[in-house]
Amino acid sequence: MRLALDVSAVPLRVAGAGRYVVELASRLPGAGVDTTLVARRDDVERWHAWSPDAAVVPLVPTGRLARLAAEAWRLGTTPTARAVDLWHGPHYTMPRRGTTPAVVTIHDLTFFTNPEWHESAKAVFFRQAIRFAAHHARVLICVSATTAAQLDEIVPDHAPVVIAPHGVDLERFSPEGDGDDARLAALGLGSAPGVLFVGTVEPRKGLDVLLRSFEMLGADFPGVELWLAGQAGWGLGPIEEALRTHRVRHRIRRLGYVDDDALPALMRRAAVVCYPSRGEGFGLPVLEALACGALVVTTSATVMEEVAGSAADLVPVGDEVALARALGEALTTDAATRSSRARVGRERATHFTWEASVAAHLRAYDEALGR
């Protein structure tokens with residue numbers, strides 16, 4: 001099978017959906033797929049490093065608008081597209097011209113259900129892109145059953161769906177690791193216990209709820225810090241104001257984007273990992289934290305509940321009182337219970353591997369080609 005995988009939307013700082021594309025690109029050649037990575041013109045070197053057995057073709061302009069226009073109207077008619085059996089758009093979109101069959105990944109439907117969580121222009125664009133892909137792709141890949149169910153409701157007349165959950169690197173994200181002290185010290189962290197949040201800072205992540213909950217915990221847990229790991233997204237004004245006026249702001253550590261080596265160390269060392277997101281397509285930080293044996297608090301009635309099952313403590317979306325209570329309980333968990341919970345979380349994480357995700361993608365590709 002000859003496959004073109006469009007990797008042009010992956011930013012320089014990889015997170016979330018970008019991590020998915022990197023894992024897919026690095027593993028497909030080893031699964032017997034003749035893989036061509038369609039990259040931005042300024043972004044060839046790292047793809048060669050991540051996927052040395054794939055061909056990398058720098059066809060895509062660097063700017064966002066130029067990139068999206070090139071994908072829609074030019075890439076599908078290039079010699080690269082004509083030379084492969086299948087085109088995979090891993091981020092909602094696909095070429096609108098050309099005859100190469102396409103598979104498209106749909107991460108979530110929040111552009112429809114909660115457009116206020118996104119920049120307005122992006123919400124409009126991706127609603128159109130999802131509808132186009134739903135009607136023109138050979139197969140759609142959904143990263144969770146939650147996303148697949150929402151797709152059925154919002155665009156019921158869609159192409160066939162294959163559900164392919166994300167995975168986790170169980171060697172890198174593990175309960176044991178070397179050099180954690182040095183990595184945390186490099187981030188400016190000492191021995192104080194921490195409540196860890198990992199995620200791009202944007203409205204849907206629920207960081208505003210976490211900040212209010214942490215304020216409630218302040219008096220009862222005077223030695224606990226809040227560790228905020230993740231790059232800046234959009235809609236930062238209210239969060240910046242909440243951080244500036246927070247009653248215990250001296251105990252909030254803003255770590256920014258954390259590299260791949262430091263992230264597992266943070267999750268292993270945190271007293272509890274909190275992911276209070278209002279909605280996601282998958283919620284990869286929850287899975288990674290469980291793999292590290294961390295206590296996890298996240299939101300119920302979301303995809304995070306699908307991923308975590310009973311291995312995490314679940315609280316209603318937006319309920320800062322319930323979140324504060326759950327965090328307090330996690331912070332006072334005894335060692336024996338913590339150890340037992342760590343085993344449960346680790347076992348849950350073993351059900352999600354990148355190998356299984358790749359296998360599901362291969363089934364989607366075969367279905368798209370009528371095999």
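The values are calculated or read from the model by the stated rules, or taken from the named source; none is laboratory data. Since the structure is predicted, the reported quantities are computational estimates derived from the model, not experimental observations. Neighbour counts run over all protein chains shown; Cβ positions are idealised from the backbone, glycine included.
Kindly indicate the residue of the stretch 11-47 that is of a type in the set (A, V, I, L, M) and modelled with pLDDT under 95 and also surrounded by the most Cβ atoms within 10 Å (Cβ to Cβ) among those meeting that condition.
That would be ALA17.
Within the stretch 74-84, is even one residue surrounded by fewer than 17 Cβ atoms within 10 Å (Cβ to Cβ), assigned to a helix (DSSP H, G or I) and in contact with a strand residue (DSSP E or B) (Cβ under 8 Å, 6 or more places away or on another chain)?
yes
With more than 20 Å from SER191 (Cα to Cα) and more than 17 Å from the chain's Cα centre (by Cα) as the only criterion, which of ARG278, ARG348, ARG268, ARG254 stands out?
Testing whether each residue is more than 20 Å from SER191 (Cα to Cα) and more than 17 Å from the chain's Cα centre (by Cα) leaves just ARG348.
All but one of (1) more than 19 Å from ALA359 (Cα to Cα); (2) modelled with pLDDT under 95; (3) buried (at least 18 other Cβ atoms within 10 Å of the Cβ) hold for ALA66; state the number of the condition that does not hold.
For ALA66, the failing item is (3).
Could we say that ALA342 is outside the structural domain of LEU151 (by TED's automatic domain parsing), more than 30 Å from GLY30 (Cβ to Cβ), in contact (Cβ under 8 Å) with a residue 24 or more places away in the chain and assigned to a helix (DSSP H, G or I) here?
Here the answer is yes, as ALA342 does meet what is asked.
Could you list, in sequence order, the residues of the stretch 78-99 that are touching a Ser or Thr at 6+ places or on another chain (Cβ under 9 Å) and under 20 Å from HIS135 (Cβ atoms)?
Residues satisfying the conditions are ALA81, LEU86, TRP87, HIS88, GLY89, PRO90, HIS91, TYR92, PRO95, ARG97, GLY98, THR99.
Report, by residue number, each residue of the stretch 225-238 that is buried (at least 20 other Cβ atoms within 10 Å of the Cβ) and at negative phi.
Of everything in the stretch 225-238, those that are buried (at least 20 other Cβ atoms within 10 Å of the Cβ) and at negative phi turn out to be GLU225, LEU226, TRP227, LEU228, ALA229.
Among the candidates ASP220, ASP208, which residue alone is in a loop (DSSP other than H, G, I, E, B), modelled with pLDDT of 90 or more, over 16 Å from the mean Cα position of the chain (by Cα) and not assigned by TED's automatic domain parsing to the domain that holds ARG138?
Matching residue, one of ASP220, ASP208: ASP220.
Any residue that is part of a loop (DSSP other than H, G, I, E, B), modelled with pLDDT of 95 or more and surrounded by fewer than 21 Cβ atoms within 10 Å (Cβ to Cβ) - is there at least one of those in the stretch 139-154?
No, the stretch 139-154 contains no residue that is part of a loop (DSSP other than H, G, I, E, B), modelled with pLDDT of 95 or more and surrounded by fewer than 21 Cβ atoms within 10 Å (Cβ to Cβ).
Of the numbered conditions (1) in contact with a strand residue (DSSP E or B) (Cβ under 6 Å, 6 or more places away or on another chain); (2) in contact (Cβ under 8 Å) with a residue 40 or more places away in the chain; (3) outside the structural domain of CYS142 (by TED's automatic domain parsing), ALA364 satisfies every one except a single condition; which is it?
So ALA364 meets the others, but not (3).
Please go through the stretch 154-187 and give me each residue that is over 30 Å from ALA229 (Cα atoms) and free of Cβ contacts under 8 Å to residues at least 24 places away in the same chain, ordered by number.
Of everything in the stretch 154-187, those that are over 30 Å from ALA229 (Cα atoms) and free of Cβ contacts under 8 Å to residues at least 24 places away in the same chain turn out to be PRO156, ASP157, VAL161.
Return only the number of the condition from (1) touching a residue at least 24 places away in the same chain (Cβ under 8 Å); (2) crowded, with 17+ Cβ neighbours inside 10 Å; (3) in contact with a helix residue (DSSP H, G or I) (Cβ under 8 Å, 6 or more places away or on another chain); (4) within 30 Å of ASP220 (Cα to Cα) that LEU314 does not satisfy.
So LEU314 meets the others, but not (1).
Consider the stretch 188-223. How many of its residues are among the hydrophobic types (A, V, I, L, M, F, W, C), buried (at least 17 other Cβ atoms within 10 Å of the Cβ) and without any contact (Cβ under 8 Å) to a residue 60 or more places away in the chain?
The qualifying residues number 2.
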